[in-house]
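Following: one structure in structure tokens, then a few remarks.
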Amino acid sequence: MSYKILSVAGARPNFMKIAPVHQALEAEGTFDSRIVHTGQHYDDEMSGVFLRQLGLPDPHAHLGVGSGSHAQQTARVMTSFEQVMIEEEPDAVLVVGDVNSTLAAALVAAKLHVPVGHVEAGLRSFDERMPEEINRKLTDQLADWLFVTEQSGLENLEREGVADERVFFVGNVMIDSLVRCREKARKRPVLDELGIEDSPYVVMTMHRPSNVDEREALETVVRVIENLASEAKVVFPMHPRTRANLRSHDLLDRVLSSPGVEILEPLGYLDFLRLLESANLVVTDSGGIQEETTFLQVPCLTVRENTERPVTVEVGTNELVPLEPKRIVSRARRLMQEENRSYETPPLWDGKAATRIAEVLREELDQSS
Ligand code: UD1
């Protein structure tokens with residue numbers, strides 16, 4: 001008996017989570033695994049390059065929802081995905097992470113009484129100003145199977161009263177992708193191209209609305225970049241939202257002409273992995289990069305008040321810092337001077353999380369059929 005599974009991906013951080021799951025389902029032999037791309041991210045460098053580099057097939061369906069307000073984006077995914085669900089009649093739906101596409105697809109599947117698995121369940125920042133926090137909580141309410149990456153996720157779900165039988169501690173599928181692609185990434189000539197093969201450098205990414213939407217915060221981000229550049233070369237692959245906001249606040253030229261700063265278009269998966277692995281320090285507000293640097297044992301300063309991934313702070317690679325140039329630069333200086341420290345890897349971040357998910361799904365679907 002073959003089970004048809006629709007896995008939904010829409011935004012950049014989804015593709016590296018969906019890829020190992022799709023591949024594990026295919027390898028398992030009892031699944032007909034199909035990818036649905038919502039089109040929340042649509043530029044090649046935010047989407048297509050990831051599909052290619054991660055070895056994903058062309059999506060079975062492409063919803064083409066594009067950008068818009070949260071309600072527009074969520075509603076468009078729902079309307080289009082409902083149609084796909086009715087045509088495809090899958091046995092289960094998998095959603096990953098915490099983006100608008102995640103919640104929208106979970107809601108559609110739940111209303112059609114199709115079981116939903118949430119990959120990366122249970123993470124909580126306890127900050128409802130983050131749209132992702134709302135997406136996480138609601139998706140976990142809707143999901144039948146909650147696949148958890150770290151201990152805090154188990155505790156959060158228990159506190160929220162989620163029944164044990166729905167919760168599976170499987171590890172981190174994003175680390176599966178990293179493990180699989182690490183060797184390929186090492187062959188990328190990106191360090192050479194940037195002239196940083198033998199010099200210290202900081203990788204910076206910043207795209208959260210709280211850091212890049214208002215002028216005051218954005219100007220502070222620019223000062224952080226300039227101050228960091230006096231310590232080491234700063235390489236900043238820039239999210240389109242950040243670039244657009246810098247432009248509209250007349251700050252883009254200032255950053256582009258800053259000495260020691262390399263502003264790049266968003267990088268593909270392999271180039272970014274290569275850049276991360278050899279970085280002396282990473283400064284970010286991303287969710288996933290906190291985990292990738294933990295696995296790679298690269299120190300990371302996360303410019304946020306909270307993190308939904310506390311294990312990264314517990315093992316010691318990740319530190320939360322406020323958006324204050326002096327604080328960030330003094331911590332950066334200290335961390336870059338430290339000798340190579342070694343950190344523990346969180347449990348089950350071993351490259352096999354997707355295989356565990358495929359096993360759980362088969363058992364669960366066998367039981368209910
Ligand atoms: C989304 C996720 C966020 C994730 C981030 C990674 C939600 C609520 N947020 O935020 O959790 O960390 O993706 O990138 O789902 N744009 C382009 N090209 C693209 C995609 C977006 O130019 O391919 C621009 C558009 O101007 C758009 C803006 O970026 O308005 C924001 O995109 P959107 O998908 O709404 O949210 P992100 O900020 O990317």
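In table form, for the structure just shown:
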quantity: Selection from the range 106-132 of residues that are more than 16 Å from the ligand (Cβ to nearest atom) and part of a loop (DSSP other than H, G, I, E, B); calculated: L112, H113, V114, P115, G122, F126
quantity: Spans of strands (runs of 3 or more DSSP E) in the range 1-105 with at least 1 residues without any contact (Cβ under 8 Å) to a residue 60 or more places away in the chain and touching a Lys or Arg at 6+ places or on another chain (Cβ under 6 Å); calculated: 31-37
quantity: Residue count for the range 327-357, restricted to those that are of a type in the set (D, E) and either farther than 19 Å from Q290 by Cβ or without any contact (Cβ under 8 Å) to a residue 24 or more places away in the chain (or both); calculated: 1
quantity: Matching entry among L296, L270 (being farther than 16 Å from M46 by Cβ, surrounded by 18 or more Cβ atoms within 10 Å (Cβ to Cβ) and in contact with a helix residue (DSSP H, G or I) (Cβ under 6 Å, 6 or more places away or on another chain)); calculated: L296
quantity: Given (1) in contact with a Pro (Cβ under 9 Å, 6 or more places away or on another chain); (2) under 23 Å from A61 (Cα atoms); (3) surrounded by fewer than 24 Cβ atoms within 10 Å (Cβ to Cβ), index of the condition L107 fails; calculated: (1)
quantity: Among the candidates V36, V99, residue that is among the β-branched types (V, I, T), crowded, with 23+ Cβ neighbours inside 10 Å and within 13 Å of the ligand (Cβ to nearest atom); calculated: V99
quantity: Per-region count, the range 133-172, residues more than 14 Å from D98 (Cβ to Cβ) and either in a helix (DSSP H, G or I) or modelled with pLDDT under 95 (or both); calculated: 10
quantity: Qualifying residue in the range 76-85 (condition: of a type in the set (S, T, Y), away from the ligand (no atom under 15 Å from the Cβ) and either surrounded by fewer than 23 Cβ atoms within 10 Å (Cβ to Cβ) or within 17 Å of the chain's Cα centre (by Cα) (or both)); calculated: yes
quantity: Filter result for the condition that a residue is at positive phi and either in contact (Cβ under 8 Å) with a residue 24 or more places away in the chain or not hydroxyl-bearing (S, T, Y) (or both), over G153, G171; calculated: G171
quantity: Residue ranges of helices (runs of 4 or more DSSP H) in the range 273-354 with at least 2 members modelled with pLDDT of 95 or more and within 16 Å of the ligand (Cβ to nearest atom); calculated: 288-296
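The values are calculated or read from the model by the stated rules, or taken from the named source; none is laboratory data. What you see is a predicted model, and the numbers here were worked out from it, not measured in a lab. Cβ coordinates were reconstructed from backbone atoms using ideal geometry, including for glycine residues, and neighbour counts include every protein chain displayed.
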